[in-house]
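Where a number appears in this text, it was derived from the coordinates with a stated rule and is not lab data. Note that the coordinates shown come from a computational prediction; the quantities given were computed from them, not determined experimentally. Cβ atoms come from the backbone with ideal geometry, glycine included; neighbour counts cover every protein chain shown.
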Amino acid sequence: MRVKATIAYDGSAFYGFQRQTSTPQTVTGHIEAVLKQLHIDTQVVGSGRTDRGVHATGQVIHFDLPEYWQDLEKLQSIFNRRLEAVRFRSLKKVPDSFHARFDAKKRLYRYLFKTQLPTVFERKYLSYYPSGFDVPKLHEALSLFEGEHDFRYFHKTGSKPHSTVRTLFAARHYTKHHLHVMTFEANGFLRSQVRMMVESSMQYALGMLSKETLMQQLSGECKSITRLAPAAGLYLAKIYY
């Protein structure tokens, strides 16, 4: 029996989402550990990976259960009692053909930052950029990423995706209370792509990067920007099916 779960997690507690041979301290590793405690031998599949320190409020996963596990409400309760930094928001039965990653149509990330240094209680969950940046220039930079592009110079090296072409449906910035929020909605993202887009957009808005340089990297002419925005401000917010 295949089940689909929507989960939230505190990325500061893990070395990323995907299981690793070097450490059990991953989101997938923790969930699979609870499944093994229940004598359920299965693997967790996510809609996508998140890096170390990146959070989620709407990650989607799937895994298979023995047919005798019909009480999903009880199973969700067990997960939420045993997992300290992961919260199961929903858990439901789906067709056996459902795939958390391959069936996803769109993914939404949010990036949160302040223009004042985060407090000791905020620094794991918010980023910081200095005040005085040019908001219209930030909006201009974000709009440049919209549409279909080859983002081969906007992802972290070390990964080998089948294709580096992605379609970015919308990239926005707005303020809410004391926070600045950027949102990115696309059919998919490369490793650390969102963090690199945030950093390059903010460098342009702060007058540290020219539009020409940004456009040259986006068009694949040369790579000048390698810095990533801090992971603390990034959240995988929603998966659309």
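Kindly rank 187-200, 78-91 from highest to lowest mean number of other beta carbons found within 10 Å of each residue.
My ranking of the peptides, most packed first, is 187-200, 78-91.
Using Cα positions and a limit of under 17 Å, work out the lysines in reach of residue 105, with same-chain residues fewer than 8 apart set aside.
4, 238
I want the local charge near residue 107. Using Cβ-Cβ distances under 9 Å, sum +1 for each Lys or Arg and -1 for each Asp or Glu among the other residues.
Neighbourhood net charge equals +2.
Can you tell me the orientation of helix 27-37 relative to the chain, as the angle in degrees between its alpha-carbon axis and the longest Cα principal axis, to the nearest 10?
Approximately 0 degrees, to the nearest 10.
Amide H to amide H, which residues 5 or more places from residue 65 or on other chains are under 5 Å from it, using H placed in the peptide plane?
The list, which skips near neighbours in sequence, is 2, 3.
Please arrange 12, 219 by how many other C-beta atoms lie within 10 Å of their C-beta, fewest to most. Kindly include the intermediate steps, with their values, before the conclusion.
Working: 12 15, 219 11.
Placing the least packed residue first, the sequence is 219, 12.
What ³J(HN,Hα) values, in whole Hz, does the Karplus curve 6.51 cos²θ - 1.76 cosθ + 1.60 give for the range 208-224 when θ = phi - 60°, with x put for Gly and Pro?
Values, residue by residue: 9, 9, 8, 5, 4, 5, 4, 5, 4, 6, 5, 7, x, 6, 7, 10, 10 Hz.
For 122, 32, what ranking results if the residue with the fewest other Cβ atoms within 10 Å of its Cβ goes first?
Neighbour counts put them in this order, fewest first: 122, 32.
By the gyration tensor of its Cα atoms, with a ≥ b ≥ c the square roots of the eigenvalues, what is the shape of the range 121-200: rounded for a/c under 1.5, prolate for a/b over b/c, or oblate? Can you show the working numbers first?
On the way: a/c = 2.22, a/b = 1.54, b/c = 1.44.
It comes out prolate by the Cα gyration axes.
Compute log10 of I(q)/I(0) for the range 106-240 with the Debye formula, placing one identical point scatterer on every Cα and leaving out solvent, at q = 0.22 Å⁻¹, to two decimals.
-1.49
Give, as a single signed number, the net charge of other residues whose beta carbon lies under 11 Å from the beta carbon of residue 172, with Lys and Arg counted +1 and Asp and Glu -1.
Every neighbour counted, the sum reads -1.
Would you please classify the overall shape of the range 2-94 from the alpha carbon gyration tensor, given that a ≥ b ≥ c denote the square roots of the eigenvalues, rounded means a/c under 1.5, and beyond that prolate means a/b larger than b/c while oblate covers the rest?
Because a/c hits 1.5 or more and a/b exceeds b/c, the range 2-94 counts as prolate.
Which of 239, 40 has the fewest other C-beta atoms within 10 Å, and how do the rest follow up to the most?
Listing 239, 40 from fewest to most nearby Cβ atoms yields 40, 239.
Checking the cross-link filter: which lysines have an alpha carbon closer than 23 Å to that of residue 211, excluding same-chain neighbours under 8 positions apart?
Excluding near neighbours in sequence, the set is 137, 156, 223.
Let me know the shape class of the range 160-241, please: from the alpha-carbon gyration tensor, a ≥ b ≥ c as square roots of the eigenvalues, rounded when a/c is under 1.5, otherwise prolate if a/b is greater than b/c, or oblate.
Oblate.
If you average the C-alpha positions of the range 106-131 and of the range 198-241 separately, how far apart do those two centres end up, in angstrom?
16 Å
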